[in-house]
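The values are calculated or read from the model by the stated rules, or taken from the named source; none is laboratory data. It should be emphasised that the depicted structure is a prediction, and the values quoted were computed from it without experimental measurement. In this analysis, Cβ positions are derived from the backbone assuming ideal geometry, glycine residues included, and neighbour counts consider all displayed protein chains.
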Amino acid sequence: MSFDKNFERKMFKVTCADCGQETEVPFQPDGERPVYCRECYRKHKPQRRFNDR
Ligand SMILES: [Zn+2]
């Protein structure tokens with residue numbers, strides 16, 4: 001079998017758009033959307049708005 005390490009998760013170093021701390025994310029930042037560290041991501045992640053109207 002020739003399973004390269006192609007499939008392993010790559011981590012990208014980014015600066016959190018909220019707290020400004022360096023962090024790594026498992027996806028490639030597209031440069032347009034802000035990237036957050038784990039904690040800020042939890043704060044910023046979209047919530048389901050059941051109560052919005
Ligand atoms: Zn942060």
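Listed values, structure above:
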read-out: Scan of the stretch 31-53 for residues that are acidic (Asp, Glu) and modelled with pLDDT of 90 or more, ordered by number; value: GLU32, GLU39
read-out: Qualifying residue in the stretch 13-29 (condition: at pLDDT below 85 and touching a Pro at 6+ places or on another chain (Cβ under 8 Å)); value: no
read-out: Flag for ASN6 being at pLDDT below 85 and either part of a helix (DSSP H, G or I) or within 16 Å of the ligand (Cβ to nearest atom) (or both); value: yes
read-out: Candidate set: the stretch 16-34, residues that are outside any strand (DSSP E or B) and either among the polar types (S, T, N, Q) or within 9 Å of the ligand (Cβ to nearest atom) (or both); chosen: the one surrounded by the most Cβ atoms within 10 Å (Cβ to Cβ); value: CYS16
